[in-house]
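Beneath this line is the structure, given in structure tokens, with notes to follow.
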Amino acid sequence: MLNVEALETAYGVSQVLFGVSFTVEAGQVVTLLGRNGMGKTTTVLSVMGVVRARAGTIAFEGKRLHGLPSFRVAQAGLGLVPEGRQIFPNLSVRENLIATAANRSGAANPWTLDRVFDFFPNLAARRRNYGNQLSGGEQQMLAIGRALMTNPKLLILDEATEGLAPLIRADIYRSLERLKGEGLSILVIDKDVKALARIADRHYVLEKGRVVWSGSSENLTANQDVQHRYLGV
């Protein structure tokens, strides 16, 4: 579904990514792992067209994305839940959701307000509240719901549970498991290796802008050296 090959990205003269390659197959959950500052967010921003890659290829369902503006990337079927949530603070929950609503692929069972509210009951109860009146966990649910309202074929989450309480993190991971069960492809950045190993099919570990290891959840769980060397576990 998503195929990234030899991706190189720089900010001015400072190169951040050095030949990053990975794939996400249809229906898979794939992770990008690594310590802070290793290039995970830059990889996602490059895929989404927010930051322009200077070399390599990005293809989604066989179509080239490299060089496209971010709104065209989103229209191709990629939905982003950005680091820091970035919801609209002066819009209500309902307004945040309908602002991005689209069903460009003609999904038979599209994400609608009712379906998002059924998926996240907390949002249903807070539908008239403004974004800045929500808790951190509710804001993350809203950010996920907003991305789902675009009816993406691939959902990308950058720091899926950062700064959230343990019970809320567990709720978010259960939500991702449900989405995987519905066949949605997911690319996720987060630090909870144990939780990610439970739901993900494949993992890519980044170190200083390079993929230094990749493998299955079983391989990652068994490889304590990789966890200690690159993830600080």
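The values are calculated or read from the model by the stated rules, or taken from the named source; none is laboratory data. This is a predicted model, so every value here is computed, not measured. All Cβ positions, even for glycine, are placed from backbone atoms using ideal geometry, and neighbour counts span all protein chains on display.
Taking the stretch 146-233 as the region of interest, none of the helices (runs of 4 or more DSSP H) fully inside it holds 3 or more residues being in contact (Cβ under 8 Å) with a residue 40 or more places away in the chain and buried (at least 22 other Cβ atoms within 10 Å of the Cβ).
Filter the stretch 42-71 down to the residues that are in contact with a helix residue (DSSP H, G or I) (Cβ under 6 Å, 6 or more places away or on another chain) and of a type outside the set (Val, Ile, Thr) and list them by number. Matches in the stretch 42-71: 48, 49, 53, 65. The criterion of at least 1 residues that are at pLDDT 95 or above and surrounded by fewer than 21 Cβ atoms within 10 Å (Cβ to Cβ) is met, among strands (runs of 3 or more DSSP E) falling completely within the stretch 1-87, by 2-11, 14-24, 55-60.
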